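The values are calculated or read from the model by the stated rules, or taken from the named source; none is laboratory data. Model, not experiment: these values are computed from the prediction. Every residue, glycine as well, gets a Cβ built from its backbone with ideal geometry; the counts of neighbours run over all protein chains shown. Note: areas computed on protein heavy atoms with side chains; ligands, DNA, RNA excluded. Shrake-Rupley method; radii C 1.70, N 1.55, O 1.52, S 1.80 Å.
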Amino acid sequence: QFTTRVVSCRAAELRPEGGGEPVRGFQVVLEDTILFPEGGGQPDDRGLIGDVPVLRVTRRGSEAVHFVPAALEPGAEVLLSLDWERRFDHMQQHSGQHLISAIAEQMFGFKTTSWELGRQRSVIELDTPLVTAEQVEALEKSVNEKIRDRVPVTVRELAADDPEIETVRSRGLPDDHVGPVRVVDIEGIDSNLCCGTHVSNLSDLQVIKLLGVEKGKKNKTNLVFLAGNRVLKSIEQSHSTEKALTSLLKNGPGEHIEAVKRLQSSVKLLQKNNLNLLRDIAVLIARDFKSKPAPKQLFVLHRKEGDSEFMNIIANEIGTEETLLFLTVGDEKEAGLFLLAGPVEAVENLGPRVAEVLGGKGAGKRGRFQGKAAKMSRRGEVQALLQEFITHQNPGA
């Protein structure tokens, strides 16, 4: 916590990170702050000004701008509280990135070109087209040895024109930077220009887990990692999943993979048998309709189970020269598929109207119009529309 004063407060809007409508609120500048504004690959802090939540902190020149949902009085003394759990997580990930980047460059010559501190995992972009599994394993072993060595992490400030800056690892300063330059040192391992928040000793990182590599931008490789409490949470989640699978599969963790493979094979066989049965049912439905002494001019069928092939088999077997077919599959209260088949001119005329009534989209040619339906419950309206069309075409029918 930290006591400070409100310098300014002005109305503003905040666009949510996940998209959506802007949130109305206020941009507040304080005399000083303990909340970190986003920058250097690290997200911003969260906290409270008094009892008002801080929803975002951004940097504007040398000022930190706090977005809050309620107005604050300029000149008022306020108590600023920091969300420590979020801050410490970011400290662990950021110091972890410095350590990994430094050791990766020392061991293999891989320079870091950028990084991202994500909500679930963090990613370091390495300036190399390839990182082998053996290199990942060796890198992970080395960084965890440094953590166990309890190496101190310190912060110092240099004047912007200090020649020592040339010896410090850096990706450059922002164009609007003013004042001294901040250097984060991992004793005997790394010196790096950085504005972010860090642990004071590598032992605070607890452990680092390298999850592997992914293909990055041209000639780059993304190294994915977890640090500190995120490793513990990942193990906890994996263990919960393992326990659930053990209960469902009725075997030990070592047998889970083979059990899932057997289940996949069984599902594929069942799906194949189910498709064969649906095809047989489609043929029988069509033959039953054709066997009637005076086939109707309109054939309507709905079935919960089925697919496009099922509907097309029925249409093929019945033939569509004289009969108008309206077939649907899916849950009556949800979305599904539809097929309108029949005389070419009739289908071209009615297809788009059927799709519109069903709240869906479709396309077709040569007497077939099919697509997805969002409102299967309106099938009755479509049937009435088709019946009216047939009656209009054949008044004596």
**Study point:** Max mean-square fluctuation residue, GNM over the chain, Cα-Cα springs under 10 Å, options Ser203, Ser247, Ser234
**Key:** Ser247
Point to revise | Cβ-defined net charge surrounding Glu13, 13 Å radius [Lys, Arg +1; Asp, Glu -1] | key: +3
Point to revise | Helix 344-357 vs. the chain, principal-axis angle (Cα, 0 to 90°, nearest 10) | key: 50
Check your understanding: Top to bottom by accessible area (1.4 Å), largest first, where do Asp45, Asp127 land?
Key -> Asp127, Asp45
Check your understanding: Put +1 on the Cβ of each Lys and Arg and -1 on the Cβ of each Asp and Glu in region 1-121; which of Val28, His90, Gln106 then has its Cα farthest toward the positive end of the dipole?
Key -> Gln106
Exercise for review: Would you tally the net charge around Leu350, using a Cβ to Cβ cut-off of less than 13 Å, leaving Leu350 out, and scoring K and R as +1, D and E as -1?
Suggested key: -3
Study note, to complete from the structure: Computed, not fitted: 222 nm per-residue ellipticity of the chain from DSSP H runs ≥ 4 (each -39500 (n - 2.57)), nearest 500, equal to -12000 deg cm²/dmol
Practice item. Multiply the residue separation of Lys296 and Gln383 by 0.36 nm, subtract the distance between their alpha-carbon atoms, and state the gained length in nm to one decimal. Key: 30.0 nm
**Study point:** Residues Thr154 and Phe2, FRET efficiency given R0 of 22 Å [Cβ-Cβ distance, rounded to 0.05]
**Key:** 0.50
Point to revise | Lys, Arg +1 and Asp, Glu -1 on Cβ, resulting dipole of the chain about Cα centre, debye, nearest 20 | key: 2080
Review point. Tally Lys/Arg at +1 and Asp/Glu at -1 over every other residue whose Cβ is under 13 Å from the Cβ of Met91; what's the total?
Key: -2
Practice item. Provide the per residue accessible area, probe 1.4 Å, for region 45-185, rounded to a whole number of square angstrom. Key: 53
Review point. Heavy-atom accessible area of Glu356 with all protein chains present, probe 1.4 Å, nearest 10 Å²?
Key: 140
Revision key, fill the gap. Of Thr112, Thr328, Thr128, the most mobile residue in a GNM of the chain (C-alpha springs, cutoff 10 Å) is Thr328
Review point. Hey, in the GNM for the chain with a 10 angstrom Cα cutoff, which one of Gly39, Gly360, Gly47 fluctuates hardest?
Key: Gly360
**Study point:** Efficiency of FRET between Glu305 and Thr391 - r from beta-carbon atoms, R0 25 angstrom, step 0.05
**Key:** 0.20
Point to revise | region 222-347, dipole about Cα centre (Lys/Arg Cβ +1, Asp/Glu Cβ -1), debye to the nearest 20 | key: 480
Check your understanding: Lys/Arg Cβ at +1, Asp/Glu Cβ at -1, dipole of region 95-203 taken about the Cα centre: which of Ile189, Ala133, Ala159 is farthest positive-ward?
Key -> Ala133
Practice item. Roll a 1.4 Å probe over the protein chains and send me the accessible area per residue for region 233-319 in Å². Key: 72
Practice item. With unit charges on the beta carbon (Lys/Arg positive, Asp/Glu negative), name the residue among Leu339, Thr241, Thr58 whose Cα is farthest towards the positive pole of the charge dipole of the chain. Key: Leu339
Practice item. First compute the accessible area of the chain with a 1.4 Å probe, then give the percent of it belonging to carbon and sulfur atoms. Key: 51
Exercise for review: Provide the gained length on full extension for the span Glu317 to Arg262, in nm with one decimal, where the gain is 0.36 nm per separating residue minus the Cα-Cα distance.
Suggested key: 16.1 nm
**Study point:** Pairwise centroid distance, computed over Cα atoms, of region 221-240 with region 14-58, Å
**Key:** 27
Review point. Relative contact order for region 87-143 using alpha-carbon pairs under 8 Å, separation at least 6, rounded to a whole percent?
Key: 31
Exercise for review: Determine the relative contact order of region 268-397: mean sequence separation of Cα pairs under 8 Å and six or more apart, normalised by residue count, in whole percent.
Suggested key: 19
Review point. Relative to the longest principal Cα axis of the chain, at what angle does helix 84-108 sit, 0 to 90 degrees, rounded to 10?
Key: 80
